[in-house]
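First up is the structure itself, then whatever we jot down about it.
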Amino acid sequence: MAITAIKGFNDILPTESGRWQHIEQTARRVFELNGFSEIRVPVMEKTELFSRSIGDATDIVEKEMYTFIDKGENSITLRPEGTAGVMRAFIEHKLYAQDPVAKLYYLGPMFRYERPQKGRYRQFHQIGAEITGVHDPLADAQVLNMLVQFFRATGLDEPQLQINSLGCPECRPGYRAALVGFLESRLDQLCEDCKRRFSTNPLRVLDCKVPGCVEATIGAPSVLDHLCGGCQDHFTGVQGYLDSTATPYSINPRMVRGLDYYTRTTFEMVTGLLGSQSAVAAGGRYDGLISQLGGPAIPGIGFAMGLERVALLLGAQEFSIRPDLFIATLGAGERSFAFRLMHDLLRAGIRVEMDYDGKSLKSQMRRADKLKARYSLVIGENEVNSGTGAMKRMEDGTQTELPLRAEDIMRVLS
Ligand code: ATP
Ligand code: MG
């Protein structure tokens, strides 16, 4: 029996990779425009990095991580997200020593042992960006505007920006206590996971997608009513900057994140088109993370978007690469002439295809159609002897007679 891929691990086939490249290139362009540089970090880290940053009582660390003991008896984990590794590198290489304000982006595969379904896989891909060293809400607003700009630049206007504030270590305990008080009387209505979350991580109950839990938490206290003065001012500041650039957003006081390191601003780009996989991108501020990982007290903010979900939203749009010219040959004698012409054109940056194994003219033209070539050119004995031929525009059949030299062909193509 043939071997198949691991459950929840996907192949990205040539028919889809054009769409992925479009997303990746758009992200690189928009992020670099905003002054972000790429950082590449390993896909595996010491397990401790994730338990210390994401938090032991989160779904990710409790049950979703791919963790194993390597041959040197070290506990290793395939990264479930990108921020922890990027901040580990930021600290390890003292990137803050030159300038605490770093603008970094990354992209690559992440791994979580989840139940695979549409928009949720065990290997998935994220593109993320982080700004360190800025307390001011200006950084929050720039990150948010960049995210919105990215979606517009990919051609998507559907995902909507939602923001919230989760407070800080000063005011969150008060909110947590108020929420626990509210949930106590509704414990029996909650799912098994949420019964556990109630004692380990009660804010996560607000994020549960089980209908019973959604219902039971209607009317729960709002985190926004419990913010301290500093957090209140900061959140007002973020909104002020977003308003000043007319960036559309809504406030969702029930939004919490599944990672413990978030403080103050949190946000999601939300879609109604992917069922319960509604978050296409998500992030927030993590003012305590860098010091928690052994670095200096430098704040940070960032986000990660799920490429599979962005690709699903882009749908079946055509991103495949079309050849400019398909060269067909009538017989074996013309193939070396055609091959040399193809070589010259490729060197000049023209996308050319030709037939590889001497098929009939009819089947060669079928292939030209299938590849969606813009032009075709048939080379027979006459063309080889005269050094001229006719390029046919596939769209409407228009023929152009010309010398069969790279510079003349390029002129017709341009
Ligand atoms: P969800 O609530 O959908 O589980 P999350 O809160 O776990 O998302 P984050 O950890 O914030 O997600 O990751 C950021 C983004 O990465 C998500 O908004 C989503 O687009 C994507 N993502 C997360 N987990 C998966 C997965 N298992 N498969 C595909 N994409 C994912
Ligand atoms: Mg999740």
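See the values below:
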| item | result |
| --- | --- |
| Options Ala97, Gly82, Ile290, ranked by Cα towards positive dipole end of the chain, top entry (Cβ charges) | Gly82 |
| Residue with peak Gaussian network fluctuation, the chain [Cα springs, cutoff 10 Å], from Thr77, Thr329, Thr247 | Thr329 |
| Amide H partners (placed H, <5 Å) of Gly119, local residues excluded | none |
| Sequence-distant lysines (8 or more away, or on other chains) whose Cα lies within less than 20 Å of Lys370 | Lys359, Lys362, Lys392 |
| C-alpha center-to-center spacing [the range 203-252, the range 306-353] in angstrom | 50 |
| For the range 251-261, Karplus couplings with θ = phi - 60° (6.51, -1.76, 1.60), whole Hz, Gly/Pro x | 9, 10, x, 8, 6, 10, 10, x, 10, 6, 6 |
| Antiparallel DSSP beta bridges within the chain, percent to nearest 5 | 80 |
| Shape parameters for the range 262-315, alpha-carbon atoms, Rg then Dmax in Å | 14.3, 44 |
| Shape category assigned to the range 233-299 from the gyration tensor of Cα positions, a/c cut at 1.5 | oblate |
| Pairs from Lys71/Lys94; Lys7/Lys46; Lys46/Lys103; Lys118/Lys372; Lys7/Lys63 whose Cα-Cα separation, in the structure shown, is over 19 Å | Lys71/Lys94; Lys7/Lys46; Lys46/Lys103; Lys118/Lys372 |
| Residue of Thr58, Thr154, Thr245 that the Gaussian network model of the chain assigns the largest fluctuation, springs spanning Cα pairs under 10 Å | Thr245 |
| Interchain or long-range residues, amide H under 5 Å from Ser165's placed H | Thr266 |
| The chain - percent relative contact order, Cα under 8 Å, separation 6 or more | 16 |
| For the range 325-413, share of DSSP beta bridges that run antiparallel, in % to the nearest 5 | 50 |
| Cβ-placed point charges (K, R +1; D, E -1), dipole of the range 196-278 about Cα centre in debye, nearest 20 | 340 |
| Within the chain: Cβ-based charge dipole about Cα centre, in debye rounded to nearest 20 (Lys, Arg +1; Asp, Glu -1) | 700 |
| Computed over the range 325-413: relative contact order in percent, which uses C-alpha pairs under 8 Å that are six or more apart | 31 |
| Charge dipole of the chain about the Cα centre (unit charges at C-beta), most positive-ward option of Ala5, Ser276, Leu138 | Ala5 |
| Prolate/oblate/rounded label for the range 1-139 (Cα gyration tensor, a/c 1.5) | oblate |
| Counting DSSP beta bridges with both ends in the range 256-414, the antiparallel % (nearest 5) | 70 |
| Principal axis dimensions, largest first and in whole angstrom, of the range 162-265 by Cα | 45, 27, 23 |
| Exposure of Met342 as accessible area (Å², to 10), given a probe of 1.4 Å and all protein chains | 20 |
| Volume in Å³ per residue [convex hull over Cα atoms, computed for the chain] | 210 |
| Portion, in percent, of the accessible area of the chain that falls on carbon or sulfur, probe 1.4 Å | 52 |
| Table column - 3J(HN,Hα) (Hz), the range 136-152, Karplus curve with 6.51, -1.76, 1.60, x for Gly and Pro | 4, x, 4, 5, 4, 5, 5, 4, 5, 5, 5, 5, 5, 4, 4, 5, 5 |
| Solvent-accessible area per residue for the range 325-413 (1.4 angstrom probe, square angstrom) | 59 |
| Separation between Cα centres of the range 12-82 and the range 95-110, rounded to whole Å | 14 |
| For the range 217-223, Karplus couplings with θ = phi - 60° (6.51, -1.76, 1.60), whole Hz, Gly/Pro x | 9, 4, x, 4, x, 8, 4 |
| Cα gyration tensor, the range 19-78 - rounded (a/c under 1.5), prolate or oblate | prolate |
| The range 76-232 - percent relative contact order, Cα under 8 Å, separation 6 or more | 17 |
| Residues with amide H under 5 Å from that of Thr329, placed H, sequence gap 5 or more | Asp355, Ile379 |
| Reduced Cα scattering model of the range 316-414, Debye log10 I(q)/I(0), q = 0.22, 0.23, 0.24 Å⁻¹ | -1.20, -1.32, -1.45 |
| 11 Å beta-carbon shell around Ile290, net charge (K/R +1, D/E -1) | -1 |
| Mean Cβ count within 10 Å, highest first, over the residues of peptides 359-365, 48-54, 216-222 | 48-54, 216-222, 359-365 |
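The values are calculated or read from the model by the stated rules, or taken from the named source; none is laboratory data. All values reported here derive from a predicted model rather than from experimental measurement. Cβ: placed from backbone, ideal geometry, glycine included. Neighbour counts: every protein chain shown. Areas reflect the complete protein model, heavy atoms only, side chains present, ligands, DNA and RNA absent. Shrake-Rupley method; radii C 1.70, N 1.55, O 1.52, S 1.80 Å.
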